[in-house]
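These notes are about the structure you will find just below.
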Amino acid sequence: MIILLLAVIYGFFVHSSQAEDCARGNHNFARFGPICEYMCHCGTNQCDRETGACPNNGECDGGWMGSGCQYVNIAYDKTVNSNHLSNPTTIVDGRRDTCPYGTQAIINPAYIMVSFEREVKITEVNIVFSNSVDVRRSFAVSVLDGNQSVLCGLVDYTNEQKEYVINCNSTLYGQYLNITYQWSAGFKVCEIQVPAVELPSDELEPFAGQANAVILKRVEDHQCDFFRWGFASNNELDIGVSQ
């Protein structure tokens, strides 16, 4: 009985020590995962030890999205244009509680366009509204490349919910993402997110300078102890870096 009790106590302290070791890396980055192999990308620099989920349903750091905040949002901080929104840049600021204001005039048709500044791959688009009742009409999501526009998906207004995940029927390539809808009144988009399928090599350091920045470079230039960056569910690009 004494031996069993000592074993339980030892196991508790070992587990606690491992959890504590996983909580912070050499540069104060929180980590998670079975062997602490994933970086925490929550705004508070804290996340669930097993899943990476942000506490209290918190938001991911700017530029991150999805399960465990492990997916790069390529729409983050990009250029946005709209024919009825006065401050459309808040749609791509990484926060779901900053919703742009619409103009007083009723615009028909209305649009929101995100510019990626180069050709990107798009397989999925996430659109967050201020609440479920603000989706009062159907809308279309298209990808534009030059003069060609290809439909990613349509959403019917009868399916009222706060967040929509539009999965394209195939992988689309383009420089612009366009959301179009009839009548601008009551259509309150708060955030647009596009999970990256892959990134060109010169964009592997997109968030340098931020408080919780993750800097991706070659192994010989990397300063953090260990992390893995997964871009998409199909793992087309999945980078592991160690010191």
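Data table
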| item | result |
| --- | --- |
| Residue check, GLY94 in the same structural domain as CYS40 (by TED's automatic domain parsing) and either surrounded by 14 or more Cβ atoms within 10 Å (Cβ to Cβ) or modelled with pLDDT of 85 or more (or both) | no |
| ASP77 vs. criteria closer than 21 Å to VAL125 by Cα, surrounded by fewer than 16 Cβ atoms within 10 Å (Cβ to Cβ) and modelled with pLDDT of 90 or more | yes |
| Number of the condition not met by ILE112 [criteria: (1) over 18 Å from the mean Cα position of the chain (by Cα); (2) outside the structural domain of LYS188 (by TED's automatic domain parsing)] | (2) |
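Condition check ((1) assigned to a loop (DSSP other than H, G, I, E, B); (2) touching a residue at least 60 places away in the same chain (Cβ under 8 Å); (3) closer than 14 Å to VAL189 by Cβ) across all residues:
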{"site": "ASP77", "(1), (2), (3)": "yes, no, no"}
{"site": "ILE91", "(1), (2), (3)": "no, yes, yes"}
{"site": "ARG96", "(1), (2), (3)": "yes, yes, yes"}
{"site": "CYS99", "(1), (2), (3)": "yes, yes, yes"}
{"site": "MET113", "(1), (2), (3)": "no, yes, yes"}
{"site": "GLU119", "(1), (2), (3)": "no, no, no"}
{"site": "GLU124", "(1), (2), (3)": "no, yes, no"}
{"site": "VAL128", "(1), (2), (3)": "no, yes, yes"}
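The values are calculated or read from the model by the stated rules, or taken from the named source; none is laboratory data. These numbers come from a predicted model, not from an experiment. No Cβ is skipped: glycine too gets one built from the backbone with ideal geometry, and neighbour counts run over all protein chains shown.
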